[in-house]
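Every read-out reported here was derived from the displayed coordinates using simple, explicitly stated rules and does not represent laboratory data. None of the values given here were measured: they were computed from a predicted structure. Here Cβ is always computed from backbone atoms with ideal geometry, including for glycine, and neighbour counts include all displayed protein chains.
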Amino acid sequence: MTMPDQEFYKREIEARAKQLSISVEVMDLGYSQVLRRKLEQKFADSGDKLFWRRFKDRSGKKDKGGWSKLGSKFEGEAAYFFLERDEDQLFYKVEDGLQLSYLLAECFQFEVYVTDINLKKLFCFNSFDVMVQAGAKTKILH
């Protein structure tokens, strides 16, 4: 089975955002790549292909309902989110991270990463129903 491409995810996110009246800004590819490189430098080591497996000082918690809690980690602040794909993934921006809980609940389930606009914290909710926090020295996961 072939994984859906980035355009599929983009259409899915945009359709659900419109349905829920949530404003989602799609960042251009060049800016998305800059953000990804900054996150890689700050939060990841080299090695595994999956980004969350390379998080430095990671902490994780299995939680089937983690999708609904992810947005609360960014409540009241703008946040970027992106999907586990490759170097050419797009970043999306919401003005209030709490909106992500509503948006993700309506979308096809995919591995999603969320960071604040200052790139100070980074979370992933992966396909194993585990919420993973990078840089867990400053734990805000539990």
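Which ³J(HN,Hα) values, rounded to whole Hz and listed in residue order, are derived for segment 73-79 from phi using the Karplus coefficients 6.51, -1.76 and 1.60 in 6.51 cos²θ - 1.76 cosθ + 1.60 with θ = phi - 60°, glycine and proline given as x?
So the J values, rounded to whole Hz, are 5, 10, 4, x, 9, 5, 9.
Compute the signed sum of charges (Lys and Arg +1, Asp and Glu -1) over the other residues within less than 14 Å, Cβ to Cβ, of residue 96.
Residues near residue 96 contribute -3 overall.
Please give the calculated 222 nm ellipticity per residue for the chain, where each DSSP H segment of at least 4 residues contributes -39500 (n - 2.57) and the sum is spread over every residue; nearest 500 deg cm²/dmol?
Computed mean residue ellipticity for the chain: -9500 deg cm²/dmol.
Tell me the net charge near residue 17. Cut-off is 14 Å between Cβ atoms, residue 17 excluded, with +1 for each Lys or Arg and -1 for each Asp or Glu.
-1
Measuring from centroid to centroid over Cα atoms, what is the spacing of segment 39-90 and segment 115-134 in Å?
Each part reduced to its Cα centre gives a spacing of 3 Å.
Residue 130's amide H: which non-local residues (gap 5+, or another chain) put their own amide H closer than 5 Å, with H modeled 1.01 Å from N in plane and none for Pro or chain starts?
63
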